[in-house]
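**Student:** Encoded as structure tokens, here's the structure I'll be asking about.
The values are calculated or read from the model by the stated rules, or taken from the named source; none is laboratory data. Just so we're clear, the structure is a prediction, and the values are computed from it rather than from any experiment. Glycine gets a Cβ as well: all are built from the backbone with ideal geometry, and neighbour counts include every protein chain shown.
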Amino acid sequence: MSEKSVLVTGACGEIGQALVQSLNKRGYRIFTADLVSLPESIKNLPAEHIQGDLVNRIKIFYDYDFDLIFHLAASLSSKAEVATEDAHRINVEGTMQLLLLAAYKSEKLNKPVKFMFPSSIAAYGFPDRATKHAAGNVKEDEWNTPHTMYGCNKLYCEKLGVYYSRYCGQRHLDPVPPTMLDFRAIRFPGLVSAFTIPSGGTSDYGPEMLHSAAAGKPYACFVDAETRISFMAMPDAIKSLLMLMDAPRETLSSQVYNIAAFSLTAGEFRQRALGAFPEAQITFAPNPRRQGIVDSWPEDVDDTLARKDWGWKPEYDVDKFFNEYFLPAIKKRYQRPSTRTIE
Ligand code: SER
């Protein structure tokens, strides 16, 4: 058991809830932070919750010595696009403040604070669908031309993380001294949880469609049937964060990693949903703004680097995702007997 102190910002979000449960099993001393109070899934775990706006209340966090920070708090892509200044404040200023805190503590305690940052496929940007299709699986340093406020924020914060962990004060020595924070980022695809429903994102059509089908509610998908991006089961997302966190620093040839699991079109999502819930009513009503956002994201990503450096491999391919993760859990959640194994 470890007694390390870990801060999870955005703890009430989808990744946050699942991550806090996993960290609790590992025996960490957990501090959570979010704008809202802790949800049912984690509120009875032994964690100290700091509720409020991170940017305004950053001074409070200086009272603690965190060994690890998972900075999950963010305004997601669709929400950020309609409230750009607010998104910049949350996504960039919030990250900047926490990086400064981690840099200060690393220096003061002569011990690197590990800073885990969830980045996104939104860090990429394609001009049109044909270019996106031709590009196929993109590597980390390709097509870093985001089209959204959220994507710009994520890409810039990756750069800030690398800056504060390596170059700040122009001390880019090898090995990096322990007085520098240890920044590590994962670019996540669209995530799907059987236990929580996303809000404010643009990959949300995948999980929304599946949860609606399971709950017996009609769903009008806001992108068209040919739209393709990569997705991943939430347990794999948590697994990847813990794997990267555990990897010895000297084994990492990069600080920003793609991870992949499976790539599906919205039409294929619909087919899968209908396979399990034949009466589901799923239609397509593309919203041009949200369609444009998803069209700028890659069809899939190349995760060779993560596989090579820290042994990344997803547990769930598309069949296993539906048959062994999503459907069994969703069946219990919505009490729908008609769930069938699907291919
Ligand atoms: N899931 C995120 C969103 O849709 C992308 O990382 O905003």
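**Student:** Check Asn56 against each of (1) over 16 Å from the mean Cα position of the chain (by Cα); (2) within 30 Å of Phe262 (Cα to Cα) and name the one condition it does not meet.
**Tutor:** Every listed condition holds for Asn56 apart from (2).
**Student:** Next up: Given (1) over 17 Å from Leu76 (Cα atoms); (2) outside any helix (DSSP H, G or I); (3) modelled with pLDDT of 95 or more; (4) touching a Ser or Thr at 6+ places or on another chain (Cβ under 7 Å), where does Ile186 come up short, assuming only one miss?
**Tutor:** Failed condition: (1).
**Student:** Still on this structure, please answer the following. For segment 83-104, name all the residues that are assigned to a loop (DSSP other than H, G, I, E, B) and more than 14 Å from the ligand (Cβ to nearest atom).
**Tutor:** Of all residues in segment 83-104, those assigned to a loop (DSSP other than H, G, I, E, B) come to 83.
Within segment 83-104, no residue meets the criteria.
**Student:** With respect to Ser212, determine if the residue is under 22 Å from Glu40 (Cα atoms), in contact with a Phe, Trp or Tyr (Cβ under 7 Å, 6 or more places away or on another chain), in contact (Cβ under 8 Å) with a residue 40 or more places away in the chain and assigned to a helix (DSSP H, G or I).
**Tutor:** Working: under 22 Å from Glu40 (Cα atoms): yes; in contact with a Phe, Trp or Tyr (Cβ under 7 Å, 6 or more places away or on another chain): yes; in contact (Cβ under 8 Å) with a residue 40 or more places away in the chain: yes; assigned to a helix (DSSP H, G or I): yes.
When the stated conditions are applied, Ser212 passes them.
**Student:** Right, here's the next one. Under 30 Å from Arg57 (Cβ atoms), touching a residue at least 12 places away in the same chain (Cβ under 8 Å) and of a type in the set (Phe, Trp, Tyr): does that describe Phe126?
**Tutor:** Details: under 30 Å from Arg57 (Cβ atoms): no; touching a residue at least 12 places away in the same chain (Cβ under 8 Å): yes; of a type in the set (Phe, Trp, Tyr): yes.
It is false that Phe126 is under 30 Å from Arg57 (Cβ atoms), touching a residue at least 12 places away in the same chain (Cβ under 8 Å) and of a type in the set (Phe, Trp, Tyr).
**Student:** Still on this structure, please answer the following. Which one of these is over 19 Å from Gly151 (Cβ atoms) and in contact (Cβ under 8 Å) with a residue 12 or more places away in the chain: Lys132, Lys43, Lys79, Lys111? Working first, answer last.
**Tutor:** Values: Lys132 fails: over 19 Å from Gly151 (Cβ atoms); Lys43 fails: in contact (Cβ under 8 Å) with a residue 12 or more places away in the chain; Lys79 fails: over 19 Å from Gly151 (Cβ atoms).
Only one candidate qualifies: Lys111.
**Student:** Please pick out the residue among Ala80, Ala73 that is out of contact with any Lys or Arg (no Cβ under 7 Å at 6 or more places or on another chain), hydrophobic (A, V, I, L, M, F, W, C), in a loop (DSSP other than H, G, I, E, B) and within 16 Å of the ligand (Cβ to nearest atom). Explain how you work it out, then say what you get.
**Tutor:** On the way: Ala80 fails: in a loop (DSSP other than H, G, I, E, B).
The match here is Ala73.
**Student:** Starting from residues that are surrounded by fewer than 17 Cβ atoms within 10 Å (Cβ to Cβ) and polar (S, T, N, Q), keep the ones in segment 51-92 and report whichever is farthest from Ser37 (Cα to Cα).
**Tutor:** Of everything passing the filter in segment 51-92, Thr84 is farthest from Ser37 (Cα to Cα).
**Student:** Here are Gly169, Gly161, Gly200, Gly206: which of them is in a helix (DSSP H, G or I) and within 16 Å of the ligand (Cβ to nearest atom)? Spell out the reasoning first.
**Tutor:** Details: Gly169 fails: within 16 Å of the ligand (Cβ to nearest atom); Gly161 fails: within 16 Å of the ligand (Cβ to nearest atom); Gly200 fails: in a helix (DSSP H, G or I).
Selected residue: Gly206, the only one of Gly169, Gly161, Gly200, Gly206 that is in a helix (DSSP H, G or I) and within 16 Å of the ligand (Cβ to nearest atom).
**Student:** Scan Lys111, Lys105, Lys139, Lys159 and give me the residue that is more than 22 Å from Leu305 (Cβ to Cβ) and surrounded by fewer than 17 Cβ atoms within 10 Å (Cβ to Cβ). Outline the logic, then answer.
**Tutor:** Working: Lys105 fails: surrounded by fewer than 17 Cβ atoms within 10 Å (Cβ to Cβ); Lys139 fails: more than 22 Å from Leu305 (Cβ to Cβ); Lys159 fails: more than 22 Å from Leu305 (Cβ to Cβ).
Lys111 is the lone residue from the list that is more than 22 Å from Leu305 (Cβ to Cβ) and surrounded by fewer than 17 Cβ atoms within 10 Å (Cβ to Cβ).
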